[in-house]
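Down below is the structure, laid out as C-alpha cells.
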Amino acid sequence: MSSEPPSTTQAHWLSRLRSALRLLIIVLSGAVACMLVHTLEIYRGNTYLDLRKGELPMTWPAHTNLAPTLVLVAVASSNFLASVAIMCLSFARSFRRPIRSRDMYRIVAGSFGVILWATALVVFHLLDRASKASLGRYACTNKNVMSNGRYQYRAVCGEQGIAFYLAVGAASAELLTLATLGFSALNSTKQKAPAIRSEKKNSISFAPPGRFS
C-alpha cells in the first residue's frame, strides 16, 4: 500500500491530468494553426492552374474576407506558444511547488486562454456566416462547381471545417485544465486552514507561563 496521504495522491493525479491536457492542447492548437495557414497558402498560391475543356476558371472574390481565418490563426498560434512555455516551465521545481500566488497566476492565465478561445470561435463562426466572401464560406459554396480549382475549394472548405472543430476541442481541454487548477487551489486552501489553526493552537499552548494569565 502507498504511504502517501490521499491529498498528495490526488494532487499528483491532477498534475498528471493537467500535463496530459496541456499536451493535447499543444497538439490541437498546433493542428488548427497549420491547417488554417495551409488554407491561406492555397488561397495565395493557386492562381495559375491549367484550364481543361468544360471547366470554369478558379476565382476568388476581389475582396476575400480573411478576417475569420486570421483571428483563429492568431489565437491558435498564441495558445500553442503559451502551452509550450507552460510545459517547459512545469519541469522547473520552483514552478511545481504549491505556492498560492503561482496557483492564482495559473488560474488567471487559464481563464484568459479560455476567453480567447471562446472569442475566436464566436468571431470565426459569425464572420464566416455573415460574409459570402469569407475564405471558408466561398470555398464551400464553390467546391462542387466544375472549375479547375474545385479540388482547392474542397481542400479549403474541409480544412477550415476541421480546424474549427479542433479549436472547439482545444478550448474544451483548456476549460477542463482550468477546472483542475481551481480544484487544486481549493484543496490546497482547505488543507492549509487546519494546519494554520493547529499551529496557532500549539503556539498558545507552549507560551511562557503568565503571559496569558
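The values are calculated or read from the model by the stated rules, or taken from the named source; none is laboratory data. Since the model is a prediction, treat every value here as computed from it, not as a measurement. Reconstructed Cβ throughout: ideal geometry from the backbone, glycine too, with neighbour counts over all protein chains shown.
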For the range 131-155, how many residues are under 19 Å from VAL73 (Cβ atoms) and assigned to a helix (DSSP H, G or I)?
8
Could you say whether any residue in the range 128-146 is over 15 Å from the mean Cα position of the chain (by Cα), within 30 Å of TRP60 (Cβ to Cβ) and modelled with pLDDT of 95 or more?
no
Restrict the check to the range 161-182 and report whether at least one residue is out of contact with any Leu (no Cβ under 7 Å at 6 or more places or on another chain), more than 22 Å from MET35 (Cβ to Cβ) and surrounded by fewer than 17 Cβ atoms within 10 Å (Cβ to Cβ).
yes
Helices (runs of 4 or more DSSP H) completely within the range 1-107 that count 1 or more residues being at pLDDT 80 or above:
6-45, 67-89
Tell me yes or no: at least one residue of the range 187-194 is at pLDDT 85 or above and either in contact with a Leu (Cβ under 8 Å, 6 or more places away or on another chain) or part of a helix (DSSP H, G or I) (or both).
no
Every residue in the range 156-186 that is closer than 30 Å to ALA133 by Cα and either of a type in the set (Ser, Thr, Tyr) or modelled with pLDDT under 55 (or both), please.
TYR165, SER172
